[in-house]
There are 2 protein chains.
Amino acid sequence: MDTISENKCFGGTQGVYSHASAATGGTMTFGLFLPEEAANGPVPVLIYLSGLTCTHENAMTKSGAQAFAAEQGIALVFPDTSPRGDGVADTDGFDMGLAASFYVDATQDPWKPHYQMETYITRDLMQALADFPLDMDRVSITGHSMGGHGALTLALKHPDMFRSVSAFSPICHPTASDWGQRQFEGYLGSDKSVWADHDATLLMRSNGYDKPVLVDQGTADQFYDKLNTGDFAAACADARADAQIRLQSGYDHSYFFIASFIADHVDFHAQALYA
Amino acid sequence: MDTISENKCFGGTQGVYSHASAATGGTMTFGLFLPEEAANGPVPVLIYLSGLTCTHENAMTKSGAQAFAAEQGIALVFPDTSPRGDGVADTDGFDMGLAASFYVDATQDPWKPHYQMETYITRDLMQALADFPLDMDRVSITGHSMGGHGALTLALKHPDMFRSVSAFSPICHPTASDWGQRQFEGYLGSDKSVWADHDATLLMRSNGYDKPVLVDQGTADQFYDKLNTGDFAAACADARADAQIRLQSGYDHSYFFIASFIADHVDFHAQALYA
C-alpha cells in the first residue's frame, strides 16, 4: 500500500492510497476518508462508486460527503472507475474503456486482461481496506450514474457484503439503455442472458433484495431517458423491496445534485450500519 | 352547520360537524382539528380521505395526526367516505356502496342520486370549511387505501386545488384491480375511457403533475396485489413528477402503519403549505 496524500479533514483524515490488484493486473488508486473515531477503533464503511469520466477524486472533492460521514463516524471509500496504466484497453469514447468499466468482470478481448472491476471492488479493494481501522462487517455502498449502477448491481449480487445500498441518478436498466447495451456487448459478449446479472432492474426482478435501498433521481437530468428509473421503481415494488425511490424536481445529473442530497444518503446508510 | 362534538386536543380543538350537501343530497359529517394557532387567524389545511369501511372517525381517533398537525399549526379535515342516510343505495359487500364511494361522481343508477363524492369533496366540503378560520388557498390532501386513491386522483384532476398530495397504501391503478373495476363499472358504467379519469396511474401518465407527491406502501400489506404501487411509481418516473415512493418493509395495511409514518406526511405537506 502506498500513501499518495493525506489531509486533515473534519477532524479525521482524507487520504489517497494505491495498491496492486491481482484482479485488474495493475495498480489501483482509491480515496479513503477516516473520521476522527477511527483513532479509537474500527469504524463502519461507506463505499462510493463514481460515474463515467471520473477517477477516485471527483466525489472526494465535490460531493461534500465527509461533513456528514464525520458526524456519523463513518469512513468513506472512493474507488477508481476502471483499471488504468500501460496496456489497458480503451476506446475513443468517454462511455467505454477507461473510466467506464461499468463495474463488471469482462469476458471478452481486448477488455478481459484488466477490466475485472467487480472482482476488484468485492475482493481486492476489500482486502486492501483491511489494512485500515475499518469494521469490514459493516459496509454499505452508494454511487452515481454508472457508479449507481455499480452500487445497485454489486449489492444485489452480493447481498451479504453490504448492509444497505443507495444511488444517485443510477443507470437502472442498462440492458435496455444506450448506457449499457454497447458496453455489455463489448465487455460480456453477445449472450444477453449473461447481461441480466449486471442489470439492477432484472436482478431485483429475479432475486429480490432484503436490505434497505434508496435512489434519488433528478427530474431535470439531461440523461433521464438512459436511466430508466421507473423500471427499477416498478421492480422494487413488485419485489416488495425495502426501497425508497425519490424523484427530485428540477435537479440535474451533476455533483450539485449529489451534494444536495448526500446528507440523506449518509444518514440512511448510518442507520443500517449501526443497526 | 351543526356541531356534533368538540374536544380540546393538543392545545387546539378536535370537532365533529355536519352540514347539508347539495352534491350528495343529504347530511354529511366531517371531523376538523383546529390547532391553537387558528385562534389568531386562518391556518393551512390538510384533508385526510379514509378507506373502505371507515367513517369520518377512524383516522381522527387512530392516526395520531393531531400531534404533528399541532406542531406545524395545520388544520386536519376528516371527511366521510360516502353519502349516508335514508334512500342511499348500498350493497351487501364492504367494498361498494356505503363507506366505499371511491370518491367519484356516479353516473349510473342506483348510485347517481347520492354518490357524488368528487363534487362533495371539491365543492361542498370546501364551501363548508370556509366557515372556519382556515386558509383555503393553502390546502393539501392525503388518504389511505381507497382514500389514498381519492387523494391522488382528486389532486391530479384538480391540480390548482391542492398544494401537495400524499397517500398511505393507495389503490394506485384501480382500472387494473379488483378494487376498482367492479366499482367503476357500477358507478361509472362500462365505458372504460371514463374510468381513466379516476385512476392515479393513468392520470399521471396522461396529465403529469407538478406538485409534490409522497406515497408510503407497506411491503407486508395483505392487499398488496390490489394496490399496484409499481405501476404508479413507474408512471411518476416517466412523468418526471416530484414524487417519493417509499416501500416500508414489514408494514401492513392497518392504522399502525399510518401512525408510524403520519409525522412524515404532515411534515411533507407543511413544507408545501408554508412554501
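The values are calculated or read from the model by the stated rules, or taken from the named source; none is laboratory data. Note that the coordinates shown come from a computational prediction; the quantities given were computed from them, not determined experimentally. All Cβ positions, glycine included, derive from the backbone under ideal geometry; neighbour counts span all protein chains shown. The accessibility values were calculated without ligands, DNA or RNA, using every heavy atom of the protein model including side chains. Shrake-Rupley method; radii C 1.70, N 1.55, O 1.52, S 1.80 Å.
Points worth noting:
- Test: residue A:268 is in a helix (DSSP H, G or I) and either away from every other protein chain (no Cβ under 14 Å) or loosely packed, with under 15 Cβ neighbours inside 10 Å (or both): no
- Of the residues screened, residue A:273 is one that is at pLDDT 95 or above and touching a Lys or Arg at 6+ places or on another chain (Cβ under 6 Å).
- Output for region A:163-173, where each listed residue is under 15 Å from the mean Cα position of the chain (by Cα) and either farther than 19 Å from residue A:63 by Cβ or basic (Lys, Arg) (or both): A:163, A:172
- Selection within region A:220-244 - open to solvent by less than 10 Å² (accessible area, probe 1.4 Å), in contact (Cβ under 8 Å) with a residue 12 or more places away in the chain, within 8 Å of chain B (Cβ to nearest Cβ) and not in a loop (DSSP other than H, G, I, E, B): A:229, A:233, A:235, A:236, A:243
- Note on region A:27-39: among residues that are of a type outside the set (A, V, I, L, M, F, W, C) and part of a strand (DSSP E or B), the one that is most open to solvent (accessible area, probe 1.4 Å) is A:27.
- The one condition in (1) surrounded by 24 or more Cβ atoms within 10 Å (Cβ to Cβ); (2) at the interface with chain B (Cβ under 8 Å from one of its Cβ atoms) that residue A:215 fails to fulfil: (2)
- Among residues of region A:250-259, those that are open to solvent by 60 Å² or more (accessible area, probe 1.4 Å) and away from chain B (no Cβ under 14 Å), counted: 1
- Within this structure, residue B:103 passes the test of being in a loop (DSSP other than H, G, I, E, B), among the aromatic types (Phe, Trp, Tyr) and closer than 15 Å to residue B:28 by Cβ.
- As a summary of the residue check, residue B:247 satisfies the conditions (1) open to solvent by less than 20 Å² (accessible area, probe 1.4 Å); (2) more than 9 Å from chain A (Cβ to nearest Cβ); (3) within 24 Å of residue A:227 (Cα to Cα); (4) touching a Ser or Thr at 6+ places or on another chain (Cβ under 8 Å) except for the one numbered (2).
- Residues that are assigned to a strand (DSSP E or B), of a type in the set (Val, Ile, Thr) and either buried (at least 20 other Cβ atoms within 10 Å of the Cβ) or over 19 Å from the mean Cα position of the chain (by Cα) (or both) within region B:13-26 comprise just one, B:13.
- Residue count for region A:1-12 under the criterion of being outside any strand (DSSP E or B) and open to solvent by 80 Å² or more (accessible area, probe 1.4 Å): the result is 2.
- Residues of region A:100-132 that are farther than 12 Å from residue A:21 by Cβ, hydrophobic (A, V, I, L, M, F, W, C) and touching a helix residue (DSSP H, G or I) at 6+ places or on another chain (Cβ under 9 Å): A:100, A:102, A:104, A:106, A:111, A:132.
- Residues within region A:189-207 that are within 26 Å of residue A:92 (Cβ to Cβ), among the hydrophobic types (A, V, I, L, M, F, W, C) and open to solvent by 10 Å² or more (accessible area, probe 1.4 Å), tallied: 1
- Residue A:210 fulfils the conditions (1) open to solvent by 30 Å² or more (accessible area, probe 1.4 Å); (2) free of Cβ contacts under 8 Å to residues at least 24 places away in the same chain; (3) not hydroxyl-bearing (Ser, Thr, Tyr) except for a single criterion, (2).
- Scanning region A:55-77 for residues that are open to solvent by 10 Å² or more (accessible area, probe 1.4 Å) and in a loop (DSSP other than H, G, I, E, B) yields A:55, A:56, A:64.
- When region B:125-137 is limited to residues that are under 16 Å from the mean Cα position of the chain (by Cα) and within 19 Å of residue B:269 (Cα to Cα), the one that is surrounded by the fewest Cβ atoms within 10 Å (Cβ to Cβ) turns out to be B:126.
- Residue within region A:217-233 that is in contact with a strand residue (DSSP E or B) (Cβ under 6 Å, 6 or more places away or on another chain), of a type outside the set (Ser, Thr, Tyr) and farther than 20 Å from residue B:268 by Cα present: yes
- Any hit, region B:169-182, residues being surrounded by fewer than 15 Cβ atoms within 10 Å (Cβ to Cβ) and without any contact (Cβ under 8 Å) to a residue 24 or more places away in the chain: yes
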